[in-house]
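For reference, the structure discussed in these notes is given below.
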Amino acid sequence: MSTQTKGPVIIITGTPGTGKTTHAQLLAEESPVPLKHINVGQWAKERDLYESYDEEWQSHTVDEDRLLDELEPLVAEGGLILDWHTCELFPERWADLVVVLRCDHTQLWERLEKRGYALKKIQENNEAEIMEVVLDEARSSYPADIVVELKSEGTDDLESNVARIVQWIHAWLKDREKISG
Ligand code: ADP
């Protein structure tokens, strides 16, 4: 792929259940440039990049160094959506846009219940959403002008958010043409 056609790297983050994967899938379909969607949690699992499983929190601990090493060449190619519930470990230079999805906590609770999460895990995630943990993390890890907070509570939000990101991609591509041309 030439540098001219290289797509952006977009991080879609947010508390589990806020709609990252749903947004990433639709965005990959609607983007004007090819975007490879990586559900980082799943991707790490498939490659056995986990160090341990925490029984208490029913979650895996990822080997961050190996994860970053394996993602680096894909990031260098560009045209990527990184979909994960955390973003601070990704180097600042990787991201062209960081989207933080937000959801009303009652709705989030229902989504996580439907997913079959244990009560403790639902409570923990719900609290994290109320405390804006992921938003704070994104804001402290990336420049303010590339971090966007978007509401993800209904299909109207989903469609308008993806349309907005598509608009952003068009503008990003135009800027790049100016730079390379
Ligand atoms: P995440 O990847 O952040 O864990 P998902 O994309 O898997 O979240 O979404 C969790 C659930 O919530 C799914 O059933 C999805 O259909 C629903 N959902 C997420 N975002 C929206 C939205 N904006 N409107 C309606 N349903 C949504």
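Can you tell me how many residues within segment 87-126 are more than 18 Å from the chain's Cα centre (by Cα) and among the β-branched types (Val, Ile, Thr)? Result for segment 87-126: 2. When Leu173 is tested against (1) within 16 Å of the ligand (Cβ to nearest atom); (2) surrounded by fewer than 18 Cβ atoms within 10 Å (Cβ to Cβ); (3) in contact (Cβ under 8 Å) with a residue 40 or more places away in the chain, only condition (1) is not met.
Among the residues of this structure, Ser152 does not count as one that is of a type in the set (S, T, N, Q), within 16 Å of the ligand (Cβ to nearest atom), without any contact (Cβ under 8 Å) to a residue 40 or more places away in the chain and within 27 Å of Lys36 (Cβ to Cβ). Lys121 satisfies every condition listed in (1) buried (at least 20 other Cβ atoms within 10 Å of the Cβ); (2) closer than 19 Å to Gly41 by Cβ except (1). Listed by position, the strands (runs of 3 or more DSSP E) inside segment 1-91 whose residues that are surrounded by 17 or more Cβ atoms within 10 Å (Cβ to Cβ) and among the hydrophobic types (A, V, I, L, M, F, W, C) number at least 3 are 9-13, 80-83. Filtering Trp84, Trp43 for residues that are within 19 Å of the chain's Cα centre (by Cα), of a type in the set (Phe, Trp, Tyr) and over 17 Å from Ser152 (Cα atoms) leaves a single hit, Trp43. For segment 74-94, does any single residue satisfy the condition of being within 14 Å of the ligand (Cβ to nearest atom), among the β-branched types (Val, Ile, Thr) and in contact (Cβ under 8 Å) with a residue 24 or more places away in the chain? There is at least one residue in segment 74-94 that is within 14 Å of the ligand (Cβ to nearest atom), among the β-branched types (Val, Ile, Thr) and in contact (Cβ under 8 Å) with a residue 24 or more places away in the chain. For segment 101-142, the set of residues classified as over 19 Å from Ile81 (Cβ atoms) and more than 15 Å from the ligand (Cβ to nearest atom) consists of Ala118, Leu119, Lys120, Gln123, Glu127, Ile130, Met131, Glu132, Asp136, Arg139, Ser140, listed by residue number. The set of residues in segment 148-175 that are under 18 Å from Val98 (Cα atoms) and of a type in the set (Lys, Arg) comprises Lys151, Arg164.
Scanning segment 5-26 for residues that are hydrophobic (A, V, I, L, M, F, W, C) and over 14 Å from Ser152 (Cα atoms), we see that the one that is farthest from the ligand (Cβ to nearest atom) is Val9.
Rule-based calculations on the coordinates, nothing more; no lab input. None of these values were measured; they are calculated from a predicted model. Cβ sites come from the backbone with ideal geometry, for glycine too, and all protein chains shown count toward neighbours.
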